[in-house]
1. Among the numbered criteria (1) at pLDDT 95 or above; (2) assigned to a strand (DSSP E or B); (3) of a type in the set (Gly, Ala, Ser), which single criterion is violated by Ala198?
2. Considering only residues that are surrounded by 15 or more Cβ atoms within 10 Å (Cβ to Cβ) and assigned to a loop (DSSP other than H, G, I, E, B), which ones fall in segment 90-119?
3. Return yes when Asp123 is in the same structural domain as Phe61 (by TED's automatic domain parsing) and in a helix (DSSP H, G or I) and no when it is not.
4. If only one of Phe141, Phe180 is under 30 Å from Thr86 (Cβ atoms) and assigned to a strand (DSSP E or B), which one is it?
5. At pLDDT 95 or above, of a type in the set (Asp, Glu) and in contact with a strand residue (DSSP E or B) (Cβ under 8 Å, 6 or more places away or on another chain): does that describe Glu54?
6. Within segment 46-69, restricting attention to residues that are polar (S, T, N, Q) and part of a helix (DSSP H, G or I), which residue is surrounded by the most Cβ atoms within 10 Å (Cβ to Cβ)?
7. Return the residues of segment 184-201 that are small (Gly, Ala, Ser) and within 24 Å of Arg166 (Cβ to Cβ); say none if nothing qualifies.
8. Could you grab me the full set of residues in segment 103-131 that are in contact with a helix residue (DSSP H, G or I) (Cβ under 8 Å, 6 or more places away or on another chain) and free of Cβ contacts under 8 Å to residues at least 60 places away in the same chain?
Amino acid sequence: MKNETAAARRMPRRLAAAAGILLAVLLALFAASMLGDPLSRTYSVRHAVDYANETWPGQDFRAEEVQFTPGWCYQVTVQSSASRDTRFNVWVNFGVVTSTDYDTAVASLYNTRARVDAALSADVRAAMEAAGFAPFGATDFVLSYGAEGQGTPAQQGFTLDMPYDRAAMPMAVNLELFGFDNQPRRELGEQVLRDAKAAMEAAGIRIDSYSVDIYDAHAPYQKDGAGNTWSSGRVPADQIS
């Protein structure tokens, strides 16, 4: 009877201890799922790199960035050692690769266009600063590539890992300038075209065509109104003098 009584007394304590351990484990798992943990992170990174190397052999991928989303979801950015533009994300959820953005980032050449556009944009801005070109105080610009209406990087003439040469881009480059003035007018627009062309030529940057849009400074939120905007349209560089 004494043994039975002692065992009966120990049973609740054992159950309480087991419940405490189970609760601690569950809390640890919950915290890991919300914050991440070294083991799942390491596994996910290795799995993402292995998946990339197996799917696209000969690239010798390495992990460059890792982002965590609650629920043991990791976004691993992998970079090829053989191709500077072959860089994309691999999503690993619960230890399984669920998707990548290889088709968009690499195959569709958006990485290439982003790299080349960043380099050329930096050169254009530096050329403007060197020439003191700021007709609107703070001149905004964008670059577009290829013929009008061509949307994808491949249609615009980009190729994977293409070299960057500001003096000899393999596709047509258009420099689009934007600004505000109290009185949008042709004379100002044509002067902007001439000054922009001179600044680019002085810096050795080949631009095939230019365009200028001047908006009324008194009506900045009515850019689509024909009465308060002067637009040059796309003008070939050889027609600007």
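1. (2)
2. Asp101, Ser108, Leu109
3. Criteria not met by Asp123.
4. Values: Phe180 fails: under 30 Å from Thr86 (Cβ atoms).
It is Phe141.
5. So Glu54 does not fit the description; no.
6. Asn53
7. Of everything in segment 184-201, those that are small (Gly, Ala, Ser) and within 24 Å of Arg166 (Cβ to Cβ) turn out to be Ala196, Ala198, Ala199.
8. Selection gives Thr104, Ala105, Ser108, Leu109, Tyr110, Asn111, Thr112, Arg113.
The values are calculated or read from the model by the stated rules, or taken from the named source; none is laboratory data. Quantities reported herein were computed from a predicted structural model and do not represent experimental measurements. Because the Cβ atoms are built from the backbone with ideal geometry, glycine has one as well, and the counts that use them run over all protein chains shown.
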